[in-house]
Amino acid sequence: METLTPDQRNNYYLIEAGRVGIHKPILAALYAVHGQPALADGEKGLGIAPIHRVDIDEVNTFPGQVQFAANTLRSLTNALIEQGWPTADIWDTSAGRYADRLLDAIASGFTPRRY
């Protein structure tokens, strides 16, 4: 299978980031850093593995990886807000980017709770 072009990947990032209300570059960063798992469509993933009620087929393509990565990031930020994290620990306003504490939390991995 032929892999996607960077513009095609970017389009998936834009759609899913807009859908869940996160910034697109974080999805591209996950792709760049993880580069796994190897997916059925010939692409590499964003580090999303099937857990809870997620079937392998739902995350075994690039669009599926991007969708679930976006959902996971939204779940993570929601959980941190519920835990009382201040805005400054999520978004660094002076730098115009995610705060280091949030990036550390993302890098540590996140398993959304079961519903």
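What follows draws every value from the coordinates through simple rules; no lab data is involved. Note that the structure is predicted; figures quoted are calculated from it, not measured. Note: ideal-geometry Cβ built from the backbone for every residue, glycine included; neighbour counts use all protein chains shown.
DSSP H helices in the chain with Cα extent of 15 Å or more along the helix axis and mean Kyte-Doolittle hydropathy at least -1.0?
24-34, 62-82
Find the Rg to Rh ratio for the chain, where Rh is the Kirkwood radius over alpha-carbon pairs and Rg uses the same atoms.
0.97
Between Gly35, Gly96, Gly64, find the one with the highest GNM mean-square fluctuation for the chain; connect C-alpha pairs within less than 10 Å.
For the chain, modelled as a Gaussian network with Cα springs under 10 Å, the answer is Gly96.
If you keep only loop residues by DSSP, which trypsin sites (Lys or Arg not before Pro) in the range 1-93 have at most 14 other Cβ atoms within 10 Å of their Cβ?
Within the range 1-93, the qualifying trypsin sites (Lys or Arg not before Pro) (loop, at most 14 other Cβ atoms within 10 Å) are Arg53.
Summing -39500 (n - 2.57) over the DSSP H runs of n ≥ 4 in the chain and dividing by its residue number, what mean residue ellipticity at 222 nm do you reach, to the nearest 500 deg cm²/dmol?
Computed ellipticity for the chain at 222 nm equals -16000 deg cm²/dmol.
Give me Leu39, Leu46, Leu103 sorted ascending by neighbouring Cβ count inside 10 Å, so fewest comes first.
Ascending number of Cβ neighbours within 10 Å: Leu103, Leu39, Leu46.
Rank these for me by crowding, Thr93, Thr3, going from fewest to most other beta carbons within 10 Å.
Starting with the residue having the fewest Cβ neighbours, the order is Thr93, Thr3.
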